[in-house]
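Just below is one structure, and these are the notes that go with it.
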Amino acid sequence: QVELVESGGGLAQTGASLRLSCVASGRSFSTSAMAWFRQALGKDREFVASLSWSGEMTYYADSVKGRFGISRDNAKNTVFLQMNRLKSEDTGVYYCASEPRGNYRSTFSYSYWGQGTQVTVSS
């Protein structure tokens, strides 16, 4: 079993930065691809970013490419999402996910999810 706990969300102004963290406990973190998704109020959960178990391969949604960066520290069982130049449309609950099977951009591919952390961007 895997437990994922996100932190680092909060209220930020347009153009500011936030850094989210997701700490994993349980088996196989260092061998699992990891991802961040987000869900705005009234909308479906959407892919934000993912990276391979080694951290060498990263993938981003077009809406965050060039502004967000995903990374991991396998020694600390932690994956990060650095969010820069935040926009109001980045507002939502951000979820960490692990152990994908299949399409890494699909919510259906992931076996484990955190409880989410709220990010609110206002002007």
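The values are calculated or read from the model by the stated rules, or taken from the named source; none is laboratory data. On a predicted model such as this, the values are computed, not experimentally measured, just so you know. We work out accessible area using only protein heavy atoms, side chains counted, and drop any ligands, DNA or RNA first. Shrake-Rupley method; radii C 1.70, N 1.55, O 1.52, S 1.80 Å.
Taking the 1.4 Å solvent-accessible surface of the chain as the whole, the part contributed by carbon and sulfur is 49%.
In this structure the amide hydrogen of residue 105, modeled in the peptide plane, comes within under 5 Å of no amide hydrogen from residues 5 or more places off or on another chain.
Volume per residue for the chain equals 91 cubic angstrom (convex hull of Cα atoms).
Around the amide H of residue 48, modelled in the peptide plane, lie the amide H atoms of 36, 37, 38, all under 5 Å away and 5 or more residues distant in sequence or on another chain.
For the chain, the solvent-accessible area of protein heavy atoms averages 52 Å² per residue (probe radius 1.4 Å; ligands and nucleic acids excluded).
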